[in-house]
Amino acid sequence: MGRLILLAAIALALATVPMLGNPFWVGLTMQVLVFGLLAVSVDFMIRQVGLFPLCNGAFFAVAAYTVAMLETGGWPTVAAVPAAIAAAALMGMAFGISVRTGGVYFILITLAFGQMALSVATSWTALTGGDNGITNIPYPAVAGVGPTDLSQMFFVVLALVGLMVLVYARIITSQFGLTLNGIRDAETRMVALGYRTVTRKYVAFVISSVFAGVAGVLYAYTNQFVSPAAASLLVSVEAGLMAILGGSGTVIGPFLGATVIMGIRNIVSAMVPGWPILMGLVFIAVVLFLPRGLVGLTGRIKRARP
Amino acid sequence: MSAVLEVSGLTKRFGGLAAVDDVTFQVSPGEHCVLLGPNGAGKTTLFHLITGTFPATTGRIALFGRDVTTMGAAARCRLGVGRTFQISNVFPTLTPVQNVLLAMGGGHDGGWSLFRSGRGDRTTRDRAEALLERVGIAEAAHTETASLSYGARRQLELALALAGEPRAVFLDEPCAGLSPAERSRVVDIIEALPESITLVMVEHDMDVAFQVARRLVVMNRGRLIADGSPEAVRADATVQEVYLGAA
């Protein structure tokens, strides 16, 4: 209950951002929400299942490209969005074979899958526009009703990300979520109890791809432009960094991580030329000194008080 | 009624070494059977073959009348077997109650709901807590398992084997490393198992084995060397030689 109030408070605070009247902040906050949702999909695999995927950028990109192609091809939003999420889920079902491995092998096989998706995006130019990407993606509209400007779009993104966060919170505390935690903690024990652990990891992987897909859909609509940059390895890696930076397997963690990384990239980069170095330093410091991420910091502060 | 466990001609070779060598025996419903033997006798290897941790080289294993020789570990457990591990294999970041809730759902590969809460309903939670009470760690039911003592984790291990209402429990040295007090608690729990539950237990401690067993199967160097009531095995000359030396 306390958590719900906290989430509602955060959503309310974010809802005031458009009132600042500065499109830069509105755009940046939207990016944080979209990439935070992508980071949630990665965090789900890392903290709930115990696997580190490097292909969530591919799910993100396939959904973004699907929206881009269908919307610019004249499809209505109500058809384009489900098609895009289905595309991400299908890709998740195909790449899901990765869960038969674990540890480093899982990271490598998902990396290979992710790179395959990127090469499709860059080389299948007839479909994806190659390096030029797809431009002029309209805002979403259902039965002619939809956002017409940036701040209206912002509220659509805020509402949808909020909804996904609620669904996510439900999943990780569900019966299925508990069995995933069991697999993360002691897979051999889960097997000895009679569970089909590989099937469960597969289902988790597909769930993760759906969340990444929803993030990709929102990315296409907010960015209004999709290029192979959306499918690059950097997207998957940064989503992983956001998840680790935020930390602790909470719902808020990945968004905190997204805030830091997007903040450094969009604000600090304007002031300091070597901003990727700063990003690296922040990351190293968090991994070394805050293994539970930024969320773990609040626990430390609480404990430090007498 | 068919045997709970039927092992015939079972052999496991690691390279040139036959860790389990042409072993044949049966366990009937309700039996409390202890596999006894000195270190390196092949007891734990035999246990792993029966539970499906690794496949046999030759031979056949049947559980509840079904050939399980090529069946995976999880599928064997779903037939109604609860097992423990020699080294505690529990869920460290979850609470003991969550550990037991998971163990209760394993037998039918349950817990697929994405929306029903993982905390379980009132009656399920009560059953989980009652089981923790029975193994003697009720007071730690809601703490993180990683913070439990070694002994408490052994007790939780036993609870996990019992939680799924198994028809048979296979225990691998459940008393290993326990204090005398904890040991007698575990022995009490095992002795109090209902008649309907078949027990197969690996043990190298003679005292525990003789206390729990109604039937003893003794192994040495991969082979069965004795099989019978505790009294008969105690009087067996070969067993005395193995355990007490030729002197």
Report summary line: Shielding of A:164-177 by other chains, given as the mean Cβ count within 10 Å, works out to 4
Report summary line: Helix-only [θ] at 222 nm, chain B, -39500 (n - 2.57) per DSSP H run of 4+, per residue, nearest 500, equals -10000 deg cm²/dmol
Report task. Per DSSP H run of at least 4 residues, take -39500 (n - 2.57); add these up for chain A, divide by its residues and hand me the 222 nm value, nearest 500 deg cm²/dmol. Result -> -23500 deg cm²/dmol
Query - Global size of the stretch A:101-190 as Cα Rg and Dmax, reported in angstrom - result: 20.1, 54
Report task. Quick one: order A:202, A:195, A:105, A:139 from most to least accessible surface, probe 1.4 Å. Result -> A:105, A:202, A:139, A:195
Requested in this report: Run the accessible area of chain B with a 1.4 Å probe and give the carbon-and-sulfur part as a rounded percent.
Outcome: 52 percent
Report summary line: Scattering profile of the stretch A:143-285 from the Debye formula, Cα beads only, expressed as log10 I(q)/I(0) at q = 0.12, 0.14, 0.15 Å⁻¹, is -0.67, -0.87, -0.97
Query raised in the report: Mind checking the mean number of beta-carbon atoms from other chains within 10 Å of the Cβ atoms in B:99-106?
Result: 6
Requested in this report: Starting from the Cα gyration tensor of the stretch A:17-232, multiply each eigenvalue by 5, take the square root, and state the resulting semi-axes largest first in whole Å.
Outcome: 31, 20, 14
Report summary line: Projecting the Cα atoms of A:137, A:90, A:162 onto the charge dipole of the stretch A:17-232, where Lys and Arg contribute +1 and Asp and Glu -1 at Cβ, the residue farthest towards the positive end is A:90
Query raised in the report: Excluding residue A:174 itself, what net charge comes from residues whose Cβ is under 11 Å from its Cβ, given Lys and Arg +1 and Asp and Glu -1?
Result: +3
Report task. Please report, in cubic angstrom per residue, the volume enclosed by the convex hull of the alpha-carbon atoms of the stretch A:1-124. Result -> 154 Å³
Query raised in the report: Sorted by accessible area (1.4 Å probe), largest first, how do B:204, B:48 line up?
Result: B:204, B:48
Requested in this report: Excluding residue B:188 itself, calculate the net charge of residues whose Cβ lies under 13 Å from the Cβ of residue B:188, where each Lys or Arg counts +1 and each Asp or Glu counts -1.
Outcome: +1
**Report entry** Which of B:63, B:237, B:200, positive extreme of dipole for chain B (C-beta unit charges)
**Finding:** B:63
Query raised in the report: How would A:244, B:87 line up by accessible area, probe 1.4 Å, largest first?
Result: B:87, A:244
Query raised in the report: Where in the stretch A:64-84 does the label zone of residue A:126 land, with the point 7 angstrom along Cα→C-beta and an amide N cut-off under 18 Å?
Result: A:66, A:69-70, A:73
Report summary line: Expected field for residue A:75, accessible surface area in Å² at 1.4 Å probe radius, rounded to 10, holds 120 Å²
Query - Sites matching GluC sites (Glu not before Pro) across the stretch B:139-207 that sit in DSSP coil, with at most 14 neighbouring C-beta atoms within 10 Å - result: B:144, B:195
Query - Area buried, chain B against chain A - accessible surface, total, 1.4 angstrom probe, square angstrom - result: 2600 Å²
Report summary line: The simple spin-label model distance between residue A:93 and residue B:139, using points 7 Å out along Cα→Cβ, in nm, is 5.3 nm
Report summary line: Restricting to Cα pairs under 8 Å and 6 or more apart, the percent relative contact order of the stretch A:17-232 works out to 42 percent
Query raised in the report: Summing Lys, Arg as +1 and Asp, Glu as -1, what charge do residues with Cβ under 10 Å from the Cβ of residue B:223 carry, residue B:223 excluded?
Result: -1
Report task. Would you work out which of A:77, A:209, A:226 lies farthest towards the positive end of the dipole of the stretch A:17-232? Charges go on Cβ: Lys and Arg +1, Asp and Glu -1. Result -> A:209
Report summary line: Under a 1.4 Å probe, counting only protein heavy atoms, residue B:108 has an accessible area in Å², nearest 10, of 130 Å²
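The values are calculated or read from the model by the stated rules, or taken from the named source; none is laboratory data. Treat the numbers as computed from the prediction; the structure is a model and nothing was measured. Glycine gets a Cβ as well: all are built from the backbone with ideal geometry, and neighbour counts include every protein chain shown. Surface areas here come from the heavy atoms of the whole protein model, side chains and all, with no ligands, DNA or RNA. Shrake-Rupley method; radii C 1.70, N 1.55, O 1.52, S 1.80 Å.
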